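Here the structure comes first, spelled out in structure tokens, and everything after it is commentary.
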Ligand SMILES: [Fe+2]
Ligand SMILES: [Fe+2]
């Protein structure tokens, strides 16, 4: 499939009409409804949003094969972390509770005798718990550490001092992302292959669509963490150590 590349000269409304799944992404930049015919450039200038970062993020979500690592790495670390943090809130405050509510409805729709639906609820709860732990670790340990490294790096560049500084290693404190994807696939597989009637088919479809949306969103989120944020921080660590890898 060929995806059209969005540019900042386009109307944001036209971009959203081209892909409605971009709506939650746009909300993470505090852009909501009532945007009229303004272009991306105009909206970003009015709201003090980094235009290049914004348009690249929209393109990354729109086209799964597009990932401009080099361009994204040029963005301000604080901007990347702010965006990743807003994505975390979207998962924790909206997407996970929404899927959980629908799974609850699915189990209820099967009645007291349908035991085949219960593993769906327990597998999802297990996933949600692990995912929440992963997010907490990033918010409490990884992001503050990354910000501190970026700050030392900026201070050093401003002072033009080639002084060595003691830094840790982002690769040692970050968590793996691979396990998370597998659980979401298992969940969809469980629904498609193993649940038994009776249950509400429409609720089940809706759960699969939402899990799929979560999967796609998390995949892009993890790529931004691994290949943009952590890679950039790792380069800063090396420079702060005076060119040495750990
Ligand atoms: Fe994250
Ligand atoms: Fe992560």
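How long is the gain from residue 71 to residue 98 if the chain were fully straight, where each residue apart is worth 0.36 nm and the alpha carbon distance is subtracted? Don't skip to the answer; put the middle values down first.
Numbers: separation 27, 0.36 × 27 = 9.72 nm, distance 3.38 nm.
My answer for the length gained is 6.3 nm.
Taken over the alpha carbons of the chain as equal point scatterers, the Debye sum produces base-10 log I(q)/I(0) values at 0.12, 0.14 Å⁻¹ of -0.81, -1.01. Taking the centroid of alpha carbons for each part, segment 196-246 and segment 165-191 are 8 Å apart.
The mean sequence separation of alpha-carbon pairs under 8 Å and at least six residues apart, normalised by the residue count of segment 131-233, gives a relative contact order of 38 percent.
Label segment 5-136 by shape, choosing from rounded, prolate and oblate, from the square roots a ≥ b ≥ c of the eigenvalues of the Cα gyration tensor; if a/c is under 1.5 it is rounded, and otherwise prolate applies when a/b is larger than b/c, oblate when it is not.
Details: a/c = 2.75, a/b = 2.02, b/c = 1.36.
Cα axes put segment 5-136 in the prolate bin.
Normalised by the number of residues in the chain, the mean separation of alpha-carbon contacts (under 8 Å, six or more apart) gives a relative contact order of 24 percent.
At q = 0.17, 0.20, 0.23 Å⁻¹, what log₁₀ I(q)/I(0) does a Debye calculation on the Cα points of segment 17-84 give, no solvent, two decimals? Log10 of I(q)/I(0), two decimals: -0.63, -0.89, -1.17.
Sorted ascending by nearby beta carbons within 10 Å, beginning with the fewest, 197, 3 become 197, 3.
Shape of segment 1-43 from its Cα gyration tensor (a ≥ b ≥ c, root eigenvalues): rounded if a/c is under 1.5, otherwise prolate when a/b > b/c, or oblate? In terms of gyration-tensor shape, oblate. Among 180, 2, 125, the ranking by other beta carbons within 10 Å of each residue's beta carbon, starting with the fewest, stands as 2, 125, 180. Let me make sure I get this right: for segment 168-246, a, b and c are the square roots of the gyration tensor eigenvalues over alpha carbons, sorted descending. Under 1.5 in a/c it's rounded, otherwise prolate if a/b > b/c, else oblate. Which is it? Prolate, because a/c is 1.5 or more and a/b exceeds b/c.
Bear in mind that the values in this text are calculations on the coordinates, not laboratory data. The structure displayed is predicted, hence computed values, not measured ones. No Cβ is skipped: glycine too gets one built from the backbone with ideal geometry, and neighbour counts run over all protein chains shown.
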